[in-house]
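A.B. asks: Before I ask anything, let me first share the structure, which is written out below as structure tokens.
Here, each number is a calculation from the coordinates, and none is a lab measurement. Please read all numbers here as calculations on a predicted model, not as lab measurements. Neighbour counts run over all protein chains shown; Cβ positions are idealised from the backbone, glycine included.
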Amino acid sequence: MEREELRKSLIKSLKKIAPDIDEEKIEDTLSLQDQLDLDSVDMLNFIVQVQNDLHRVIENKDYRRFFSLEGALAYLLTKNI
Amino acid sequence: MMEFKMPSLGADMDAGTLIAWHVKPGQKVSRGDIIAEVETDKGIIEVEIWQVGSIAQLLVEPGQKIPVGTVLAYVRAPDEMQETEPSPAKAAIGAESSSPSILEGAIDHTAPQPLKIARASPLAKKTAEEYGIDLNVVHGSGPFGSIVKADLDSYLASKQNPPIHEAPIASTAPDKIASMRQAIAAAMSRSKREIPHYYLQTDVNLQKALAWLETSNQDRPLTERLLPAVLFMKAIALACQKVPEMNGHWIDGEFHPSSTVNLGVAISLRQGGLIAPAIHEVETKTLVELMRGMLDLVKRVRSGKLRSSEISDSSITLSNLGDQGVASVFGVIYPPQVALVGFGKIMSRPWAEQQWLGVAPIVSLCLSADHRVSDGHRGGIFMNHIARCLEEPERLQES
């Protein structure tokens with residue numbers, strides 16, 4: 001998948017967890033938890049949602065890569081997802 | 001004939017709005033089935049029925065605000081059912097030649113099936129687990145109403161276009177938030193008015209617990225990742241077994257201990273407001289089960305789909321504000337409960353233990369307790385037990 005398409009998919013997954021977020025305002029490099037007032041459970045639900053939406057297994061050890069959009073995109077692109 | 005009444009879904013609820021029925025006249029119901037959706041100050045709650053039988057009559061139309069205790073429907077008990085079954089049984093009685101065994105066969109067939117905990121095929125259960133689907137809300141088309149994989153596929157497809165009455169409360173109108181605020185205000189005021197609170201605080205070194213979690217998580221799939229919060233939950237449940245005065249309800253001047261630990265988990269709502277639905281029987285659950293329960297609960301709180309049994313029967317509450325960055329939480333007890341345990345952020349702090357001095361991940365926990373039921377001494381024993389469990393995390397895995 002291309003970066004833009006992936007980003008859109010990630011935002012879609014995010015919205016399933018927190019339907020009220022303003023996607024225009026999300027900064028890729030900043031922590032998602034801080035920007036969007038998500039807690040650790042929301043983050044885990046988000047990453048599991050991404051796993052479901054992209055139909056790819058994300059391993060526990062890679063969990064922390066998803067704390068920002070930048071990190072998530074870098075990870076997913078190297079994994080060729 | 002049994003009456004199904006508008007339940008009380010909270011200490012200060014006096015009426016609820018019926019949003020939708022999940023059953024029709026003639027439909028068989030079993031314990032734990034969701035019978036209706038009711039809107040309260042806490043959002044839309046899925047109300048479960050605890051009677052077994054079939055729906056005889058629905059008395060109230062959706063959209064009406066109904067006081068607690070009003071009869072909403074009549075439910076026919078299983079042994080009453082043969083009166084309403086059409087001709088086959090009656091015709092059999094009329095016919096001379098019918099043997100008793102035919103009649104019996106007819107009656108057995110119409111009797112409700114005993115409730116099985118997970119009425120789903122192994123493939124369906126596995127799929128449900130993978131996708132985080134709650135089997136309780138899926139309609140089963142398999143034998144005896146059990147859920148097969150195709151049902152999960154239809155369920156997932158239907159979620160793309162949810163019917164109107166399932167609209168998430170993320171888009172709740174300001175007046176709903178205001179009324180939830182009022183309900184919280186009423187409960188918290190009552191708590192401070194009636195409950196003589198005392199507070200005990202202690203710091204716990206989570207070095208061992210976090211290392212243990214990290215190792216444990218390496219071998220788990222993402223969907224079974226354990227967060228520190230489940231260690232806190234299990235530790236509280238085990239401590240409640242040691243000090244039962246922390247787990248139960250104060251009703252009419254008396255403490256009623258709870259036979260099981262139904263742990264209310266304080267969850268904040270994105271649009272404002274707070275709710276603390278229960279995870280039941282925490283003392284019997286494994287860490288993986290607790291994790292699953294907590295994730296599911298948070299998801300449903302966020303989408304406004306809680307069940308009546310979850311919001312009305314917590315026996316003690318956990319308030320975990322670690323993610324918000326606060327060091328300690330001195331919480332307010334939710335009446336009629338008698339205790340609340342608050343956890344703050346896990347922070348790296350200088351720490352000394354016997355001759356060792358270094359930096360460790362420390363969490364501050366605070367007990368708010370009802371002085372009518374317990375004294376500081378017992379509170380201290382309770383806190384100590386939580387601390388010991390968190391310092392020796394293997395204790396939490398047992399059972």
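A.B. asks: In whole Å, largest first, what are the principal axis extents of the Cα atoms in the stretch A:12-66?
C.D. replies: 28, 19, 18
A.B. asks: Same structure, new question: May I ask for the angle, rounded to the nearest 10°, between helix A:69-78 and the longest principal axis of chain A, with both axes built from Cα atoms and the value confined to 0 to 90°?
C.D. replies: It works out to around 10 degrees.
A.B. asks: Under the rule a/c < 1.5 gives rounded, and otherwise a/b versus b/c splits prolate from oblate, where does the stretch B:236-305 land using the Cα gyration tensor? Mind dumping the intermediate values first?
C.D. replies: Details: a/c = 2.99, a/b = 1.43, b/c = 2.09.
Oblate, because a/c is 1.5 or more while a/b does not exceed b/c.
A.B. asks: Loop only by DSSP, 13 or fewer other Cβ within 10 Å of the Cβ. Give me the trypsin sites (Lys or Arg not before Pro) in the stretch B:23-54 that pass, ordered by residue number. Mind dumping the intermediate values first?
C.D. replies: Details: sites: B:Lys28, B:Arg31, B:Lys42; in loops: B:Arg31, B:Lys42.
Here the trypsin sites (Lys or Arg not before Pro) that fit, given the DSSP loop and packing criteria, are B:Arg31.
A.B. asks: Continuing with this model, one more query. Straight-line reach from B:Lys5: which lysines fall under 26 Å, measuring Cα to Cα and dropping same-chain residues less than 8 apart?
C.D. replies: Within reach: B:Lys24, B:Lys28, B:Lys42, B:Lys65, B:Lys116, B:Lys176, B:Lys305.
A.B. asks: In square nanometres and to one decimal, what's the mean projected area of the convex hull around the Cα atoms of the protein assembly as shown? Before the final figure, lay out the partial values.
C.D. replies: Details: hull surface 107.3 nm².
Dividing the Cα hull surface by four gives the mean projection, 26.8 nm².
A.B. asks: Determine the sum of side-chain charges near B:Phe255: Lys and Arg each +1, Asp and Glu each -1, restricted to other residues whose C-beta is under 15 angstrom from that of B:Phe255. Walk me through the numbers before you get to the answer.
C.D. replies: Numbers: positive: B:Arg372, B:Arg378; negative: B:Glu194, B:Glu245, B:Asp252, B:Glu254, B:Asp370, B:Asp375.
That sum, taken over residues with Cβ under 15 Å, equals -4.
A.B. asks: Right, here's the next one. Expressed in nm², what is the orientationally averaged projection area of the convex hull enclosing the Cα positions of the stretch B:289-364?
C.D. replies: Details: hull surface 29.0 nm².
That works out to 7.2 nm², a quarter of the Cα hull's surface.
A.B. asks: For B:Ile333, what residues show an amide H to amide H distance below 5 Å, using hydrogens built from the backbone and excluding near sequence neighbours?
C.D. replies: Sorted by chain and number, the residues that satisfy this come to none at all.
A.B. asks: While we're looking at this one, here's another question. Amide H to amide H under 5 Å from B:Ala327: which residues, 5+ apart in sequence or cross-chain, H placed 1.01 Å off N in plane?
C.D. replies: B:Lys345
A.B. asks: Ok, one more. Percent of alpha carbon pairs in the stretch B:203-350 separated by more than 23 Å?
C.D. replies: Values: 4003 of 10878 pairs.
Within the stretch B:203-350, distances greater than 23 Å cover 37 percent of Cα pairs.
A.B. asks: Show me, for the stretch B:346-353, the HN-Hα J-couplings you get by feeding each phi into the Karplus relation (A = 6.51, B = -1.76, C = 1.60, θ = phi - 60°), rounded to Hz, glycine and proline as x.
C.D. replies: 6, 10, 6, 9, x, 8, 10, 9
A.B. asks: Compute the label zone of B:Trp356 within the stretch B:199-236: residues whose backbone N is under 17 Å from the point 7 Å along Cα-to-Cβ.
C.D. replies: B:203-215, by backbone N distance to the label point.
A.B. asks: Do any of A:Lys25/B:Lys125; A:Lys61/B:Lys285; B:Lys234/B:Lys345 go past 28 Å between their Cα atoms, and which?
C.D. replies: Working: A:Lys25/B:Lys125 39 Å; A:Lys61/B:Lys285 25 Å; B:Lys234/B:Lys345 18 Å.
Cα-Cα > 28 Å for A:Lys25/B:Lys125; rest within.
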